[in-house]
Each structure stands twice: as structure tokens, then as C-alpha cells.
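Chemist: Take this structure first; my questions come after.
The values are calculated or read from the model by the stated rules, or taken from the named source; none is laboratory data. Quantities reported herein were computed from a predicted structural model and do not represent experimental measurements. Here the Cβ is made from the backbone with ideal geometry for all residues, glycine too, and neighbour counts use every protein chain on show.
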Amino acid sequence: MRRTLPVTLGFLLLAPITTSTAPPTRHPTLASAVRVTILSTMLSGNPEHGIGEWGFAALLEVDGRRLLIDTGARPETVLRNAQELGLDLSTVTDVVLTHNHADHVGGVAGIRERFPGVEVSIGEREARLLAGDKTPGPGEPQAPAKGAFQKVDWKPDRLLKPGDRIGSLEVVPAPGHTPGQVAFLDVRDRGLIVGDALQTRGGVAVSGVVVPLFPFPALATWHKPTALATAEALRKLEPSRLATGHGDVLEGPADAMNRALEKARRAFA
Ligand SMILES: [Zn+2]
């Protein structure tokens, strides 16, 4: 994704706080309560608070453990919006990145500077892009990665593999939008955070399908057939909730995902 914010999107502000509380579970290792706070997105929602941008970051509070999923585009957005919302980020233990487009990793440096103890995680494959290497790997579609990748001067602390766990979040491979994107399935309630594997802004769509109202994720999509295969796999996880990098959180997304998949099959045929 490009970092440049079109004027028409410049008004977009902080999204509302979305809270979901699940029934208690008997399993001691699973979370009993999850709270999600969007800290950076282009979506309007609460124009009284925070600064908007074309980017994504969300604070997850899972049984007292606090994780930041993605970090927005600009170095200061998450920090400023947290301050304005009265949220203390000093107890955040993990920054977990879905993919390396600039609008998702741009805030890492600022957050690390402010909170040096935080552990930064990204998918193993995606980490190669952090060093500026866009070349396809062996066995991958031979196409260069697209979109604005952030070449960074920091290194991730942890490289994520499918099946790894961060609290109640399970790492799920989600390539296609980028070569090494990962999604996160909350094993407690099957909430699914997909990065840009799908978008919900302008209508639910698989990465690579151009949504006229918000076409930018499609334009930054690396390999459409892979994106479609990923979306099919994500749908099979039967998510209870779909959180995307661009658009509103969707509860009960099955029907909307089915329609998006059908549209993608036709578009990519
Ligand atoms: Zn992206």
C-alpha cells in the first residue's frame, strides 16, 4: 500500500471501540474475555478522538495480556491515539504484524523506542521483505511483491510459523496479498484477524478484487490465485468475526465471505 493519503480520505478518523465478551471457558489456557480497540485506521467512527490515516493497528486485550496487531502507517499515530483515548500501552507485551506493507508496520519504530521491552513478531517468510528483498522464493509464483514495503532498520524478535500461538491467537498462513502474510485465529471464540487477505471497506472482498470505493488493497496484491486460495482456507475456519486491515469488523461473516469468494472466483477466472 502506498503511504500517501489521498485528500478524499484525509478526514477519516479513529474507529469506534469494538468490545466483545465471550462466555467463560473451562479450559484454563483459553481467554475468557477479549477486548479490541482500533488505534489506527482510515475508517471514520469517532471524529471526536484521535488522528486518522490510511493504516491499521488494533489493541487486543486477552485475559489481561495486551497485544498490538499491526502499528499503523505513521510513527506517531498509535502512540497519539492511545494517549488521546487514555490507553496505557506500557503493558503491551507483543507487537504482532500481519504483513509488511508500510501502512501496517510504519509505527513499529516509534513504539519500540517508547517501549523497548515489547516483542515484535512477523511471519517467517514476510520477514525477508523487511530487509527489502522482494524476490520470490523457490516454489512461489514468480512475481515480485507489490505495494509499499517498508525497509526497516529494526529486526523482529520472533518469526512466526503456522500453528504458533501468541496468547489465544493462533498463527494461520495467509499469503497472496503479500508472499508471507499471516492471519490470527482467536482459538477462544474463532474471531479472525486477516490483515489484508480480505477487506471490508467498500464491501467485503478477497484481496485482488478491485472494490471501486476502496481499490488500494487490490492494487497492492501480489498474487491473486494465492489470495483466493487463502480466502477459501480462511472461510473454512468458520470464523465468528472477521477483522480486516481496511474496513469495519464484521460479526458472523460467513455469508459475506461466501459472496466475496464467488465474486473472486469469477474475477480471477
Ligand atoms: Zn497490505
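Chemist: Which residues, taken from the stretch 71-85, are touching a residue at least 60 places away in the same chain (Cβ under 8 Å) and polar (S, T, N, Q)?
Modeler: N81
Chemist: Something else about it: Every residue in the stretch 155-191 that is within 16 Å of the ligand (Cβ to nearest atom) and on the phi < 0 side of the Ramachandran plot, please.
Modeler: The answer is P173, A174, P175, H177, T178, P179, G180, Q181, V182, A183, F184.
Chemist: Look at the stretch 123-182 and say how many of its residues are in contact with a strand residue (DSSP E or B) (Cβ under 9 Å, 6 or more places away or on another chain), closer than 17 Å to P217 by Cα and modelled with pLDDT under 90.
Modeler: 4
Chemist: Here is a further query. Only one residue in L234, L192 is part of a helix (DSSP H, G or I), crowded, with 23+ Cβ neighbours inside 10 Å and either within 15 Å of the chain's Cα centre (by Cα) or among the hydrophobic types (A, V, I, L, M, F, W, C) (or both), so which one is that?
Modeler: The conditions single out L234.
Chemist: Would you point out the residue of the stretch 195-214, among those that are surrounded by 24 or more Cβ atoms within 10 Å (Cβ to Cβ) and β-branched (V, I, T), that is farthest from the ligand (Cβ to nearest atom)?
Modeler: V204
Chemist: Find all pairs meeting these conditions: Cβ atoms under 7 angstrom apart; at least six residues apart or on different chains; first residue within the stretch 117-130 and without any contact (Cβ under 8 Å) to a residue 24 or more places away in the chain; second residue crowded, with 20+ Cβ neighbours inside 10 Å and of a type in the set (K, R).
Modeler: none
Chemist: Still on this model: Do we have any residue at all in the stretch 128-146 that's among the aliphatic types (A, V, I, L, M), closer than 16 Å to T98 by Cβ and assigned to a helix (DSSP H, G or I)?
Modeler: There is at least one residue in the stretch 128-146 that is among the aliphatic types (A, V, I, L, M), closer than 16 Å to T98 by Cβ and assigned to a helix (DSSP H, G or I).
Chemist: May I pose another question? Among the helices (runs of 4 or more DSSP H) contained in the stretch 40-121, which hold 2 or more residues that are modelled with pLDDT under 90 and closer than 26 Å to K155 by Cβ?
Modeler: Filter on the stretch 40-121 gives 77-84, 102-105.
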